[in-house]
Amino acid sequence: MVSDALIIIMITILASLAVIWYFAMRRRLARFMRDFTLELERVFKPKDKTYHLLGYLVGYRAVYSLEDGSTVYVLFTTAPVLSLFYYPIAKLLRREDEVTLSLNPKRGKVKCELHALLEGKVRLRRIVVEDLKKRYKKVNKAEVKSRWGVYEVYYEDPCNPNTVSRIANTTRFPIYRLSAYKGDNLISITSRADVKTLKELRNTLYEFASEVM
């Protein structure tokens, strides 16, 4: 039988490890958020910007006004890594740093509705179903294969579901979601948040925009 003294020692060790982990990950996360935001602004060069924090080191929503009159909406969230004991669960659930970039162009109109979800992204699928509402059962549906896996595609003519594979197969990182909202004149893309690939993600957003406008 484990003695009370040993239990106390184990609890003390675990508590100490949790504290060390928290402060180490807090520094890493704060540094990452700073670097990511600086690169985001360098890539888009907004003439005006606003930020709304979602919580302490959780992420933020941002609105960028660009020089050409277009608007970019940013949703940036971080993986829940501050808790040593929750971290294995977050990894099991495949939670990671994530960014959604949405473009409302000043010039041009989105010609059709299109939404593509990488297989396994259940949370993003719920978002799309919610956005489509009653039209969910009426839009065309297709499955498109890519180097990153299979995409569920919901689309209206004249959008082409093969657009999804063409775009996904040219990126160095997986695209989790592509969405074109005709009514809102909005083009959106979701992927892993990574400082090194942010410029390419912006280019992919504009490439997708050219396909649906």
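Bear in mind that the values in this text are calculations on the coordinates, not laboratory data. This one's a predicted model, so the numbers in the text were calculated from it and none came from an experiment. Note that we place each Cβ from the backbone using ideal geometry, even for glycine, and neighbour counts take in every protein chain shown.
What to note about this one:
- Gyration tensor verdict on region 4-151 (Cα atoms; rounded if a/c is under 1.5, prolate if a/b is larger than b/c, oblate otherwise): oblate
- Karplus 3J(HN,Hα) series, Hz, for region 196-213 with 6.51 cos²θ - 1.76 cosθ + 1.60 (x for Gly, Pro): 5, 10, 5, 4, 5, 5, 4, 4, 5, 4, 6, 5, 4, 4, 5, 7, 10, 10
- For the chain, built as a Gaussian network whose Cα springs stay under 10 Å, the top-fluctuating residue of 188, 179, 16: 16
- Neighbour counts of other Cβ atoms within 10 Å put 10, 213 in the fewest-to-most order 10, 213.
- Counting beta carbons within 10 Å around each of 20, 167, 175 and listing the fewest first gives the order 20, 167, 175.
- Distance between modelled label sites at residue 206 and residue 15, nm, 7 Å Cα→Cβ extension: 5.5 nm
- Dividing the mean sequence gap of close Cα pairs (under 8 Å, 6+ apart) by how many residues the chain holds gives a relative contact order of 19 percent.
- Adding -39500 (n - 2.57) for every DSSP H run of four residues or longer, then dividing by how many residues the chain holds, sets the calculated 222 nm ellipticity at -12500 deg cm²/dmol.
- Spin-label zone in region 74-104 - amide nitrogen under 15 Å from a point set 7 Å from the Cα of residue 58 along the C-beta vector: 75-83, 98
- Cβ-based exposure ranking for 189, 11, in which fewest neighbours within 10 Å come first: 11, 189
- C-alpha center-to-center spacing [region 7-86, region 116-171] in angstrom: 28 Å
- Note, ³J(HN,Hα) from phi for region 95-107, Karplus 6.51, -1.76, 1.60, rounded to Hz, x at Gly and Pro: 6, 8, 5, 9, 9, 10, 10, 10, 10, 10, x, 6, 10
- Within the listed set 151, 56, 181, the Gaussian network model of the chain (springs between alpha-carbon atoms below 10 Å) gives the highest mean-square fluctuation for 56.
- Taking the longest Cα principal axis of the chain as reference, the axis of helix 4-44 is set at about 30 degrees.
- Loop-resident sites, region 63-141, for chymotrypsin sites (Phe, Trp or Tyr not before Pro), counting at most 10 other Cβ within 10 Å (DSSP): 85
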